[in-house]
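The values are calculated or read from the model by the stated rules, or taken from the named source; none is laboratory data. Note that the structure is a prediction, hence the values are computed from the model and not measured. Positions of Cβ are backbone-derived with ideal geometry, glycine not excepted, and every protein chain shown enters the neighbour counts. Remember, those area values only see protein heavy atoms, side chains included, never the ligands or the DNA or RNA. Shrake-Rupley method; radii C 1.70, N 1.55, O 1.52, S 1.80 Å.
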Amino acid sequence: MNLIQLFDLSLQGRRDHVALEFGGSSYPFGEIDARSNRMAALFQARGLRMGDRLCVYLSNCVELIDIYLACLKLGVIFVPINILYREREILHILADSDPKAVIAAQPMPGTVPLWLAHELIPPVEAARPSSSLDGDSPAALVYTSGTTGVSKGAILTHNNFAVNAINLNACWDISKSDRFLLALPLFHVHALGNGLHCWLTSGCRMRLLERFEHQKASAEFLDFRPTLFFGVPTIYVRLLDFPPAVAREVGGFMRLFVSGSAPLSPQVFEEFHSRFGHAILERYGMTETLMNVSNPYSGERRPGTVGLPLPGISVRIVNGELQLRGPNVCAGYWRREEATAAAFEDGWFRTGDIAERSEDGYYTLLGRKSDLIISGGFNIYPREIEEFLLEQAEIAEAAVVGVPDKLRGEIPVAYIVVRTPIDAAALDTRCREKLASFKVPRDFVMVEKLPRTALGKIQKHLLPPWTA
Ligand code: MLC
Ligand code: AMP
(Lines give C-alpha, C1' and ligand atoms only; values in the text may rest on other atoms or scores of the structure.)
(Ligands and ions follow the chains in the order given, each with its own letter.)
Protein backbone atom coordinates (compact mmCIF):
# COMPACT_ATOMS: atom_id res chain seq x y z
CA MET A 1 0.00 0.00 0.00
CA ASN A 2 1.29 3.49 -0.72
CA LEU A 3 0.79 6.37 1.70
CA ILE A 4 -2.07 7.97 -0.22
CA GLN A 5 -4.02 4.69 -0.04
CA LEU A 6 -3.44 4.71 3.72
CA PHE A 7 -4.39 8.40 4.07
CA ASP A 8 -7.61 7.70 2.15
CA LEU A 9 -8.98 6.48 5.49
CA SER A 10 -9.21 10.22 6.16
CA LEU A 11 -8.96 11.97 2.76
CA GLN A 12 -11.88 9.95 1.39
CA GLY A 13 -13.39 8.31 4.46
CA ARG A 14 -13.76 11.52 6.48
CA ARG A 15 -13.91 14.02 3.64
CA ASP A 16 -16.46 16.32 5.34
CA HIS A 17 -14.78 16.41 8.75
CA VAL A 18 -12.50 19.26 9.74
CA ALA A 19 -8.93 18.09 9.16
CA LEU A 20 -6.74 21.11 9.63
CA GLU A 21 -6.65 24.53 11.21
CA PHE A 22 -3.97 26.96 10.12
CA GLY A 23 -3.75 30.73 10.41
CA GLY A 24 -7.40 31.07 11.45
CA SER A 25 -8.83 29.00 8.55
CA SER A 26 -10.01 25.42 8.64
CA TYR A 27 -10.00 22.76 5.95
CA PRO A 28 -11.95 19.48 5.69
CA PHE A 29 -10.11 16.31 4.65
CA GLY A 30 -11.87 16.40 1.26
CA GLU A 31 -10.39 19.81 0.60
CA ILE A 32 -6.91 18.69 1.64
CA ASP A 33 -7.31 15.91 -0.93
CA ALA A 34 -8.61 18.26 -3.65
CA ARG A 35 -5.94 20.93 -3.03
CA SER A 36 -3.16 18.39 -3.45
CA ASN A 37 -4.79 17.01 -6.63
CA ARG A 38 -4.64 20.53 -8.05
CA MET A 39 -1.04 21.00 -6.94
CA ALA A 40 -0.18 17.63 -8.55
CA ALA A 41 -1.75 18.78 -11.83
CA LEU A 42 0.37 21.94 -11.72
CA PHE A 43 3.51 19.89 -11.08
CA GLN A 44 2.69 17.58 -13.98
CA ALA A 45 2.19 20.56 -16.25
CA ARG A 46 5.60 21.83 -15.15
CA GLY A 47 7.16 18.54 -16.12
CA LEU A 48 7.64 16.76 -12.78
CA ARG A 49 7.61 12.99 -13.17
CA MET A 50 7.84 9.95 -10.92
CA GLY A 51 11.29 9.66 -9.33
CA ASP A 52 12.18 13.33 -9.81
CA ARG A 53 13.31 15.20 -6.69
CA LEU A 54 11.63 18.43 -5.59
CA CYS A 55 13.36 20.53 -2.92
CA VAL A 56 11.19 22.61 -0.63
CA TYR A 57 12.44 25.46 1.58
CA LEU A 58 9.33 26.70 3.36
CA SER A 59 8.17 27.21 6.91
CA ASN A 60 5.00 25.44 8.06
CA CYS A 61 1.96 26.39 5.95
CA VAL A 62 -0.97 24.72 4.17
CA GLU A 63 0.82 24.91 0.82
CA LEU A 64 3.65 22.81 2.24
CA ILE A 65 1.11 20.07 2.97
CA ASP A 66 -0.37 20.43 -0.54
CA ILE A 67 3.11 20.12 -2.04
CA TYR A 68 3.99 17.07 0.04
CA LEU A 69 0.77 15.23 -0.78
CA ALA A 70 1.09 16.17 -4.46
CA CYS A 71 4.58 14.64 -4.48
CA LEU A 72 3.26 11.45 -2.88
CA LYS A 73 0.47 11.24 -5.46
CA LEU A 74 2.93 11.61 -8.36
CA GLY A 75 5.79 9.55 -6.95
CA VAL A 76 7.97 12.67 -6.90
CA ILE A 77 10.57 12.53 -4.11
CA PHE A 78 10.06 15.31 -1.56
CA VAL A 79 13.26 16.90 -0.24
CA PRO A 80 12.64 19.30 2.67
CA ILE A 81 15.34 21.84 3.55
CA ASN A 82 15.67 23.26 7.06
CA ILE A 83 14.34 26.82 6.90
CA LEU A 84 17.16 27.97 9.21
CA TYR A 85 19.83 26.81 6.76
CA ARG A 86 21.96 29.43 5.00
CA GLU A 87 23.65 29.45 1.62
CA ARG A 88 26.37 26.85 2.06
CA GLU A 89 24.03 24.34 3.71
CA ILE A 90 21.34 24.90 1.06
CA LEU A 91 23.80 24.60 -1.84
CA HIS A 92 24.98 21.22 -0.58
CA ILE A 93 21.46 19.77 -0.51
CA LEU A 94 20.61 21.25 -3.91
CA ALA A 95 23.74 19.75 -5.45
CA ASP A 96 23.44 16.39 -3.73
CA SER A 97 19.76 15.69 -4.35
CA ASP A 98 19.90 16.90 -7.97
CA PRO A 99 16.29 18.17 -8.04
CA LYS A 100 14.14 19.31 -10.96
CA ALA A 101 13.24 22.47 -9.01
CA VAL A 102 13.25 24.10 -5.62
CA ILE A 103 10.19 25.76 -4.11
CA ALA A 104 10.87 28.67 -1.75
CA ALA A 105 9.29 31.90 -0.55
CA GLN A 106 12.28 33.99 -1.58
CA PRO A 107 15.23 33.93 -4.03
CA MET A 108 17.58 30.97 -3.52
CA PRO A 109 21.30 30.51 -4.13
CA GLY A 110 22.47 28.20 -6.90
CA THR A 111 21.27 27.35 -10.37
CA VAL A 112 18.41 24.94 -9.68
CA PRO A 113 15.15 26.28 -11.24
CA LEU A 114 13.30 28.24 -8.56
CA TRP A 115 9.53 28.13 -8.19
CA LEU A 116 8.39 30.91 -5.90
CA ALA A 117 5.68 29.61 -3.60
CA HIS A 118 3.37 32.59 -4.17
CA GLU A 119 3.57 32.03 -7.93
CA LEU A 120 2.34 28.45 -7.75
CA ILE A 121 -1.20 28.85 -9.05
CA PRO A 122 -2.81 25.44 -9.50
CA PRO A 123 -5.78 24.87 -11.85
CA VAL A 124 -9.22 25.39 -10.30
CA GLU A 125 -10.04 21.73 -10.57
CA ALA A 126 -8.10 18.54 -11.16
CA ALA A 127 -8.69 14.83 -10.71
CA ARG A 128 -6.32 12.76 -8.63
CA PRO A 129 -3.43 11.58 -10.83
CA SER A 130 -3.37 7.85 -11.39
CA SER A 131 -0.32 6.13 -9.98
CA SER A 132 0.84 2.61 -9.46
CA LEU A 133 3.28 3.32 -6.65
CA ASP A 134 4.08 0.53 -4.26
CA GLY A 135 5.27 0.75 -0.69
CA ASP A 136 8.93 0.48 -1.58
CA SER A 137 8.89 3.69 -3.60
CA PRO A 138 10.90 6.52 -2.05
CA ALA A 139 8.66 9.21 -0.56
CA ALA A 140 11.26 11.64 0.76
CA LEU A 141 14.96 12.34 1.10
CA VAL A 142 15.59 13.86 4.49
CA TYR A 143 19.07 15.26 5.00
CA THR A 144 20.91 14.32 8.14
CA SER A 145 24.46 15.19 9.03
CA GLY A 146 27.07 12.48 9.32
CA THR A 147 30.12 12.10 11.49
CA THR A 148 32.15 12.97 8.42
CA GLY A 149 30.48 16.38 8.37
CA VAL A 150 28.82 15.72 5.00
CA SER A 151 25.06 15.90 5.12
CA LYS A 152 23.46 12.80 3.53
CA GLY A 153 19.94 12.19 2.24
CA ALA A 154 18.18 9.34 4.02
CA ILE A 155 15.86 7.62 1.55
CA LEU A 156 12.54 7.15 3.34
CA THR A 157 10.00 4.97 1.56
CA HIS A 158 6.22 4.92 1.69
CA ASN A 159 6.50 1.72 3.75
CA ASN A 160 8.88 3.34 6.25
CA PHE A 161 6.45 6.16 6.90
CA ALA A 162 3.37 3.91 6.86
CA VAL A 163 4.80 1.51 9.44
CA ASN A 164 5.84 4.41 11.63
CA ALA A 165 2.41 6.05 11.61
CA ILE A 166 0.53 2.80 12.18
CA ASN A 167 2.85 1.93 15.09
CA LEU A 168 2.48 5.30 16.77
CA ASN A 169 -1.27 5.50 16.31
CA ALA A 170 -1.67 2.03 17.79
CA CYS A 171 0.86 2.38 20.61
CA TRP A 172 -0.13 5.91 21.65
CA ASP A 173 -3.86 5.30 21.15
CA ILE A 174 -4.21 8.16 18.64
CA SER A 175 -7.69 8.27 17.11
CA LYS A 176 -10.01 10.46 15.08
CA SER A 177 -11.32 12.03 18.28
CA ASP A 178 -7.93 13.56 19.11
CA ARG A 179 -7.20 17.26 18.76
CA PHE A 180 -3.56 17.54 17.82
CA LEU A 181 -1.47 20.69 18.22
CA LEU A 182 1.63 20.64 15.99
CA ALA A 183 4.23 23.40 16.42
CA LEU A 184 7.34 21.57 15.16
CA PRO A 185 8.93 22.30 11.77
CA LEU A 186 7.73 20.05 8.94
CA PHE A 187 11.23 19.83 7.41
CA HIS A 188 12.26 17.24 10.05
CA VAL A 189 10.90 13.73 10.59
CA HIS A 190 9.52 14.57 14.03
CA ALA A 191 6.80 16.80 12.54
CA LEU A 192 6.68 15.18 9.09
CA GLY A 193 6.97 11.46 9.83
CA ASN A 194 5.19 11.49 13.18
CA GLY A 195 3.01 14.60 13.11
CA LEU A 196 1.65 14.77 9.58
CA HIS A 197 1.41 11.01 9.09
CA CYS A 198 -0.29 10.26 12.41
CA TRP A 199 -2.79 13.03 11.65
CA LEU A 200 -3.67 11.76 8.16
CA THR A 201 -3.75 8.11 9.20
CA SER A 202 -5.88 8.63 12.32
CA GLY A 203 -8.19 11.31 10.90
CA CYS A 204 -7.86 13.54 13.96
CA ARG A 205 -8.13 17.33 13.84
CA MET A 206 -4.78 19.11 13.68
CA ARG A 207 -3.96 22.73 14.40
CA LEU A 208 -0.66 23.53 12.71
CA LEU A 209 1.41 26.49 13.86
CA GLU A 210 3.98 28.22 11.69
CA ARG A 211 6.44 27.62 14.53
CA PHE A 212 6.61 27.23 18.30
CA GLU A 213 6.68 30.65 19.97
CA HIS A 214 6.96 30.39 23.71
CA GLN A 215 5.26 33.75 24.37
CA LYS A 216 2.14 32.58 22.52
CA ALA A 217 2.12 28.92 23.58
CA SER A 218 -0.28 29.13 26.54
CA ALA A 219 -2.81 31.09 24.45
CA GLU A 220 -2.68 28.43 21.71
CA PHE A 221 -3.23 25.63 24.22
CA LEU A 222 -6.15 27.43 25.88
CA ASP A 223 -7.76 28.38 22.59
CA PHE A 224 -7.46 25.05 20.75
CA ARG A 225 -7.75 22.77 23.80
CA PRO A 226 -5.72 19.94 22.25
CA THR A 227 -5.61 16.38 23.54
CA LEU A 228 -2.30 15.52 21.87
CA PHE A 229 1.05 17.35 21.61
CA PHE A 230 4.50 16.41 20.31
CA GLY A 231 7.55 18.39 21.46
CA VAL A 232 11.31 18.41 21.88
CA PRO A 233 12.67 18.82 25.44
CA THR A 234 13.37 22.56 24.90
CA ILE A 235 9.65 23.06 24.32
CA TYR A 236 8.77 21.24 27.57
CA VAL A 237 11.23 23.47 29.45
CA ARG A 238 9.36 26.45 27.96
CA LEU A 239 5.95 25.02 28.97
CA LEU A 240 7.12 24.95 32.60
CA ASP A 241 6.79 28.77 32.47
CA PHE A 242 2.99 28.52 32.22
CA PRO A 243 1.34 29.98 35.34
CA PRO A 244 0.34 27.11 37.68
CA ALA A 245 -3.41 27.56 37.09
CA VAL A 246 -2.92 27.48 33.29
CA ALA A 247 -0.74 24.37 33.55
CA ARG A 248 -3.47 22.64 35.58
CA GLU A 249 -6.17 23.66 33.11
CA VAL A 250 -4.12 22.47 30.12
CA GLY A 251 -3.35 19.23 31.96
CA GLY A 252 -7.10 18.77 32.41
CA PHE A 253 -7.99 18.59 28.72
CA MET A 254 -4.75 17.06 27.39
CA ARG A 255 -4.53 13.29 26.89
CA LEU A 256 -0.89 12.80 25.89
CA PHE A 257 2.36 14.78 25.76
CA VAL A 258 5.17 13.09 23.77
CA SER A 259 8.84 14.13 23.87
CA GLY A 260 11.71 13.12 21.60
CA SER A 261 14.65 14.13 19.36
CA ALA A 262 16.89 14.86 22.37
CA PRO A 263 17.14 13.63 25.97
CA LEU A 264 14.40 14.76 28.35
CA SER A 265 15.90 15.26 31.79
CA PRO A 266 14.23 13.41 34.68
CA GLN A 267 14.01 16.79 36.49
CA VAL A 268 11.91 18.29 33.69
CA PHE A 269 9.81 15.10 33.59
CA GLU A 270 9.12 15.38 37.35
CA GLU A 271 8.46 19.10 37.35
CA PHE A 272 6.13 18.78 34.38
CA HIS A 273 4.30 15.96 36.14
CA SER A 274 3.71 18.02 39.25
CA ARG A 275 2.55 21.10 37.32
CA PHE A 276 0.48 19.56 34.49
CA GLY A 277 -0.46 16.25 36.12
CA HIS A 278 0.95 14.32 33.12
CA ALA A 279 3.85 11.91 32.74
CA ILE A 280 5.48 12.94 29.45
CA LEU A 281 5.86 9.92 27.16
CA GLU A 282 9.47 9.86 25.92
CA ARG A 283 10.40 8.03 22.73
CA TYR A 284 13.55 7.66 20.63
CA GLY A 285 13.93 8.00 16.90
CA MET A 286 16.22 9.03 14.09
CA THR A 287 15.83 10.50 10.63
CA GLU A 288 17.13 7.26 9.11
CA THR A 289 14.82 4.97 11.06
CA LEU A 290 11.86 7.09 12.14
CA MET A 291 10.68 5.89 15.57
CA ASN A 292 12.43 2.94 17.22
CA VAL A 293 11.75 2.72 20.92
CA SER A 294 9.00 4.25 23.06
CA ASN A 295 7.76 4.34 26.59
CA PRO A 296 4.38 2.60 26.85
CA TYR A 297 1.10 4.50 26.78
CA SER A 298 -0.53 2.30 29.39
CA GLY A 299 2.45 0.93 31.29
CA GLU A 300 5.14 2.69 33.28
CA ARG A 301 6.64 5.80 31.61
CA ARG A 302 10.05 5.64 33.17
CA PRO A 303 11.94 8.96 33.32
CA GLY A 304 15.43 8.96 31.84
CA THR A 305 14.63 5.97 29.61
CA VAL A 306 13.22 5.76 26.10
CA GLY A 307 11.17 2.63 26.83
CA LEU A 308 10.66 -0.52 24.78
CA PRO A 309 11.14 -1.34 21.07
CA LEU A 310 8.09 -0.50 18.94
CA PRO A 311 6.22 -3.36 17.19
CA GLY A 312 8.15 -5.04 14.39
CA ILE A 313 11.47 -3.50 15.43
CA SER A 314 14.34 -5.61 16.78
CA VAL A 315 17.03 -4.02 18.91
CA ARG A 316 20.43 -5.32 19.95
CA ILE A 317 23.41 -3.76 21.69
CA VAL A 318 26.87 -4.43 20.23
CA ASN A 319 29.86 -3.02 22.09
CA GLY A 320 27.54 -0.54 23.74
CA GLU A 321 26.01 0.67 20.45
CA LEU A 322 22.28 0.31 19.87
CA GLN A 323 21.62 -1.37 16.53
CA LEU A 324 18.27 -2.15 15.01
CA ARG A 325 16.40 -3.92 12.28
CA GLY A 326 12.87 -3.53 10.99
CA PRO A 327 10.53 -2.14 8.35
CA ASN A 328 11.17 1.37 9.71
CA VAL A 329 14.82 1.49 8.57
CA CYS A 330 15.46 3.69 5.51
CA ALA A 331 16.59 2.33 2.17
CA GLY A 332 20.06 3.88 2.61
CA TYR A 333 21.65 7.21 1.75
CA TRP A 334 20.96 8.89 -1.57
CA ARG A 335 23.74 8.08 -4.06
CA ARG A 336 26.19 7.12 -1.29
CA GLU A 337 26.85 3.41 -1.50
CA GLU A 338 29.85 3.49 0.81
CA ALA A 339 28.10 5.45 3.54
CA THR A 340 25.10 3.14 3.21
CA ALA A 341 27.27 0.04 3.56
CA ALA A 342 29.05 1.55 6.57
CA ALA A 343 25.72 2.26 8.28
CA PHE A 344 24.87 -1.44 8.56
CA GLU A 345 26.49 -4.36 10.36
CA ASP A 346 25.18 -7.79 9.27
CA GLY A 347 21.91 -6.16 8.21
CA TRP A 348 21.52 -4.23 11.46
CA PHE A 349 21.42 -0.43 11.32
CA ARG A 350 24.11 1.18 13.46
CA THR A 351 22.52 4.13 15.24
CA GLY A 352 25.74 5.46 16.79
CA ASP A 353 23.83 5.82 20.07
CA ILE A 354 25.28 4.17 23.17
CA ALA A 355 22.60 2.44 25.20
CA GLU A 356 21.85 -0.08 27.93
CA ARG A 357 18.86 -2.32 28.54
CA SER A 358 17.32 -2.92 31.95
CA GLU A 359 16.31 -6.37 33.22
CA ASP A 360 12.70 -5.62 32.27
CA GLY A 361 13.54 -4.39 28.77
CA TYR A 362 13.62 -0.59 29.08
CA TYR A 363 16.36 1.13 27.06
CA THR A 364 18.38 4.09 28.32
CA LEU A 365 20.50 6.19 25.97
CA LEU A 366 23.86 6.99 27.54
CA GLY A 367 25.50 9.08 24.83
CA ARG A 368 26.72 8.91 21.27
CA LYS A 369 29.73 7.40 19.53
CA SER A 370 30.22 10.62 17.57
CA ASP A 371 30.55 14.11 19.02
CA LEU A 372 27.12 15.17 17.67
CA ILE A 373 25.62 18.13 19.53
CA ILE A 374 21.80 18.40 19.83
CA SER A 375 20.59 21.93 20.54
CA GLY A 376 16.85 22.54 20.90
CA GLY A 377 16.29 19.30 18.96
CA PHE A 378 18.44 20.45 16.01
CA ASN A 379 21.56 18.41 15.22
CA ILE A 380 24.98 19.99 14.91
CA TYR A 381 28.11 18.23 13.73
CA PRO A 382 31.14 20.05 15.23
CA ARG A 383 33.22 19.20 12.20
CA GLU A 384 31.04 21.31 9.91
CA ILE A 385 31.54 24.39 12.10
CA GLU A 386 35.24 23.63 12.56
CA GLU A 387 35.70 23.42 8.78
CA PHE A 388 33.99 26.79 8.35
CA LEU A 389 36.16 28.38 11.06
CA LEU A 390 39.32 27.00 9.48
CA GLU A 391 38.39 28.72 6.20
CA GLN A 392 38.83 32.07 7.99
CA ALA A 393 42.31 33.42 7.25
CA GLU A 394 42.87 34.50 10.86
CA ILE A 395 42.22 31.06 12.35
CA ALA A 396 44.92 28.41 12.61
CA GLU A 397 43.09 25.72 14.61
CA ALA A 398 39.53 25.16 15.81
CA ALA A 399 37.62 22.70 17.97
CA VAL A 400 33.89 22.88 18.64
CA VAL A 401 32.26 21.15 21.60
CA GLY A 402 28.77 20.99 23.09
CA VAL A 403 28.31 22.43 26.57
CA PRO A 404 25.25 21.81 28.75
CA ASP A 405 22.44 24.36 28.56
CA LYS A 406 19.29 24.33 30.68
CA LEU A 407 16.95 25.39 27.88
CA ARG A 408 18.47 23.94 24.70
CA GLY A 409 20.09 20.82 26.22
CA GLU A 410 23.44 21.61 24.63
CA ILE A 411 24.96 24.63 22.85
CA PRO A 412 28.10 24.76 20.69
CA VAL A 413 31.22 26.58 21.91
CA ALA A 414 34.34 27.07 19.74
CA TYR A 415 37.94 26.94 20.96
CA ILE A 416 40.30 28.60 18.53
CA VAL A 417 43.98 29.29 18.01
CA VAL A 418 44.44 32.46 15.98
CA ARG A 419 47.07 33.19 13.38
CA THR A 420 46.33 36.94 13.34
CA PRO A 421 44.03 38.78 15.75
CA ILE A 422 40.26 38.62 15.27
CA ASP A 423 37.57 39.26 17.85
CA ALA A 424 34.60 37.09 18.79
CA ALA A 425 32.06 39.61 17.48
CA ALA A 426 33.54 39.48 13.98
CA LEU A 427 33.54 35.68 14.02
CA ASP A 428 29.95 35.65 15.25
CA THR A 429 28.89 37.86 12.31
CA ARG A 430 30.66 35.66 9.77
CA CYS A 431 29.13 32.49 11.21
CA ARG A 432 25.65 34.03 11.24
CA GLU A 433 25.93 34.87 7.54
CA LYS A 434 26.87 31.34 6.51
CA LEU A 435 25.44 28.92 9.06
CA ALA A 436 22.00 28.16 10.52
CA SER A 437 21.50 30.20 13.70
CA PHE A 438 21.48 27.13 15.97
CA LYS A 439 24.99 26.19 14.72
CA VAL A 440 26.59 29.56 15.54
CA PRO A 441 28.94 29.03 18.52
CA ARG A 442 27.66 30.71 21.68
CA ASP A 443 31.23 31.69 22.51
CA PHE A 444 34.67 31.76 20.87
CA VAL A 445 37.38 30.92 23.36
CA MET A 446 40.91 31.92 22.29
CA VAL A 447 43.55 29.41 23.39
CA GLU A 448 47.32 29.17 22.83
CA LYS A 449 47.07 25.65 21.45
CA LEU A 450 44.65 22.73 21.32
CA PRO A 451 45.39 19.61 23.37
CA ARG A 452 46.48 16.84 20.99
CA THR A 453 47.60 13.23 21.18
CA ALA A 454 51.09 12.24 20.05
CA LEU A 455 49.50 11.48 16.67
CA GLY A 456 48.04 14.98 16.48
CA LYS A 457 44.38 14.13 17.16
CA ILE A 458 42.54 16.83 19.10
CA GLN A 459 41.56 15.72 22.62
CA LYS A 460 38.36 17.64 23.16
CA HIS A 461 37.88 16.32 26.69
CA LEU A 462 41.10 18.09 27.74
CA LEU A 463 39.96 21.55 26.62
CA PRO A 464 39.61 24.04 29.50
CA PRO A 465 36.06 23.97 30.91
CA TRP A 466 33.76 26.66 29.56
CA THR A 467 31.90 29.00 31.86
CA ALA A 468 29.15 31.34 30.72
C1 MLC B 1 13.74 28.11 15.96
N2 MLC B 1 14.07 29.19 15.28
C3 MLC B 1 13.27 29.27 14.21
C4 MLC B 1 12.43 28.15 14.26
N5 MLC B 1 12.74 27.45 15.37
N6 MLC B 1 13.21 30.14 13.22
C7 MLC B 1 12.30 29.93 12.24
N8 MLC B 1 11.46 28.88 12.23
C9 MLC B 1 11.50 27.98 13.21
N10 MLC B 1 10.69 26.94 13.17
C11 MLC B 1 15.18 30.08 15.62
C12 MLC B 1 14.79 31.41 16.19
O13 MLC B 1 14.60 32.37 15.20
C14 MLC B 1 15.99 31.75 17.08
O15 MLC B 1 17.08 32.18 16.27
C16 MLC B 1 16.36 30.40 17.65
O17 MLC B 1 15.92 29.46 16.66
C18 MLC B 1 15.71 30.12 19.00
O19 MLC B 1 14.39 30.52 18.95
P20 MLC B 1 13.49 30.84 20.26
O21 MLC B 1 12.32 31.64 19.84
O22 MLC B 1 14.34 31.32 21.38
O23 MLC B 1 12.90 29.44 20.51
P24 MLC B 1 12.96 28.44 21.73
O25 MLC B 1 11.88 28.78 22.69
O26 MLC B 1 14.35 28.29 22.23
O27 MLC B 1 12.55 27.10 21.00
C28 MLC B 1 13.26 26.66 19.90
C29 MLC B 1 12.51 25.45 19.33
C30 MLC B 1 13.25 25.06 18.08
C31 MLC B 1 12.47 24.34 20.33
C32 MLC B 1 11.08 25.84 18.99
O33 MLC B 1 14.58 24.77 18.45
C34 MLC B 1 12.63 23.89 17.38
O35 MLC B 1 11.62 24.02 16.69
N36 MLC B 1 13.18 22.69 17.55
C37 MLC B 1 12.63 21.48 16.97
C38 MLC B 1 13.61 20.82 16.10
C39 MLC B 1 13.05 19.48 15.58
O40 MLC B 1 11.91 19.39 15.15
N41 MLC B 1 13.88 18.44 15.63
C42 MLC B 1 13.49 17.13 15.18
C43 MLC B 1 14.63 16.49 14.39
S44 MLC B 1 14.11 14.86 13.89
P45 MLC B 1 18.21 33.18 16.78
O46 MLC B 1 18.87 33.64 15.52
O47 MLC B 1 17.48 34.26 17.51
O48 MLC B 1 19.09 32.35 17.66
C49 MLC B 1 14.87 13.83 15.02
C50 MLC B 1 14.40 12.43 15.08
C51 MLC B 1 13.52 12.30 16.27
O52 MLC B 1 15.64 14.24 15.80
O53 MLC B 1 13.78 11.47 17.15
O54 MLC B 1 12.55 13.06 16.33
P1 AMP C 1 18.38 13.09 13.73
O2 AMP C 1 19.61 12.76 13.01
O3 AMP C 1 18.04 14.54 13.71
O4 AMP C 1 17.28 12.25 13.30
O5 AMP C 1 18.66 12.79 15.26
C6 AMP C 1 18.68 11.47 15.76
C7 AMP C 1 19.36 11.43 17.07
O8 AMP C 1 18.62 12.17 18.05
C9 AMP C 1 19.45 10.04 17.64
O10 AMP C 1 20.48 9.29 17.07
C11 AMP C 1 19.65 10.32 19.11
O12 AMP C 1 21.01 10.58 19.38
C13 AMP C 1 18.85 11.59 19.32
N14 AMP C 1 17.57 11.32 20.00
C15 AMP C 1 16.35 11.16 19.47
N16 AMP C 1 15.43 10.92 20.44
C17 AMP C 1 16.08 10.95 21.61
C18 AMP C 1 15.72 10.78 22.99
N19 AMP C 1 14.46 10.56 23.34
N20 AMP C 1 16.69 10.85 23.92
C21 AMP C 1 17.97 11.08 23.57
N22 AMP C 1 18.38 11.26 22.31
C23 AMP C 1 17.46 11.19 21.33
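Data overview
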{"quantity": "Order of exposure, largest accessible area first, which applies to ARG419, ARG35, ARG205 with probe 1.4 Å", "calculated": "ARG419, ARG205, ARG35"}
{"quantity": "For the chain, convex hull of alpha carbons as volume per residue, Å³", "calculated": "155 Å³"}
{"quantity": "Sum of -39500 (n - 2.57) over DSSP H runs of 4+, divided by residues of the chain (222 nm, nearest 500)", "calculated": "-8500 deg cm²/dmol"}
{"quantity": "Table column - 3J(HN,Hα) (Hz), segment 93-99, Karplus curve with 6.51, -1.76, 1.60, x for Gly and Pro", "calculated": "5, 5, 6, 6, 8, 6, x"}
{"quantity": "Segments 402-408, 137-143 sorted - mean Cβ within 10 Å per residue, highest first", "calculated": "137-143, 402-408"}
{"quantity": "Amide H contacts of GLY352 (H built 1.01 Å from N, under 5 Å, at least 5 apart or other chain)", "calculated": "LEU322"}
{"quantity": "In Hz, Karplus ³J(HN,Hα) per residue of segment 66-71 (6.51, -1.76, 1.60; θ = phi - 60°; x = Gly, Pro)", "calculated": "4, 5, 4, 5, 5, 4"}
{"quantity": "Span from the segment 146-203 Cα centroid across to the segment 307-351 one, whole angstrom", "calculated": "18 Å"}
{"quantity": "Stretchable slack from ALA95 to LYS216, in nm (0.36 nm times residue separation minus alpha-carbon distance)", "calculated": "39.8 nm"}
{"quantity": "Residues whose placed amide H lies under 5 Å from that of LEU58, excluding near-sequence neighbours", "calculated": "ILE81"}
{"quantity": "Whole-number percent relative contact order across segment 142-245, with pairs defined as alpha carbons under 8 Å at least 6 apart", "calculated": "26 percent"}
{"quantity": "Sum of side-chain charges, MET286 neighbourhood, beta-carbon under 15 Å (Lys, Arg +1; Asp, Glu -1)", "calculated": "+2"}
{"quantity": "Solvent-accessible area per residue for segment 3-363 (1.4 angstrom probe, square angstrom)", "calculated": "38 Å²"}
{"quantity": "Relative packing of 36-46, 97-107, which averages over residues the other C-beta atoms within 10 Å, highest first", "calculated": "36-46, 97-107"}
{"quantity": "Whole-Å distance, taken between Cα centres, linking segment 394-468 and segment 67-127", "calculated": "34 Å"}
{"quantity": "Share, in percent, of DSSP beta bridges within segment 3-363 that are antiparallel, nearest 5", "calculated": "55 percent"}
{"quantity": "Fraction of accessible area attributable to carbon and sulfur, the chain (%, probe 1.4 Å)", "calculated": "51 percent"}
{"quantity": "LEU9 paired with GLU394, simple spin-label distance in nm, labels 7 Å along Cα-to-beta-carbon", "calculated": "5.7 nm"}
{"quantity": "Accessible surface, 1.4 Å probe, highest first, among residues ASP360, ASP33", "calculated": "ASP360, ASP33"}
{"quantity": "12 Å beta-carbon shell around HIS158, net charge (K/R +1, D/E -1)", "calculated": "-1"}
{"quantity": "Amide hydrogen neighbours beyond the local backbone of ILE77, cut-off 5 Å, H modeled", "calculated": "GLY51, ASP52, ARG53, LEU54"}
{"quantity": "Rg to Rh, two decimals, where segment 1-50 supplies the alpha carbon set and Rh follows Kirkwood", "calculated": "1.05"}
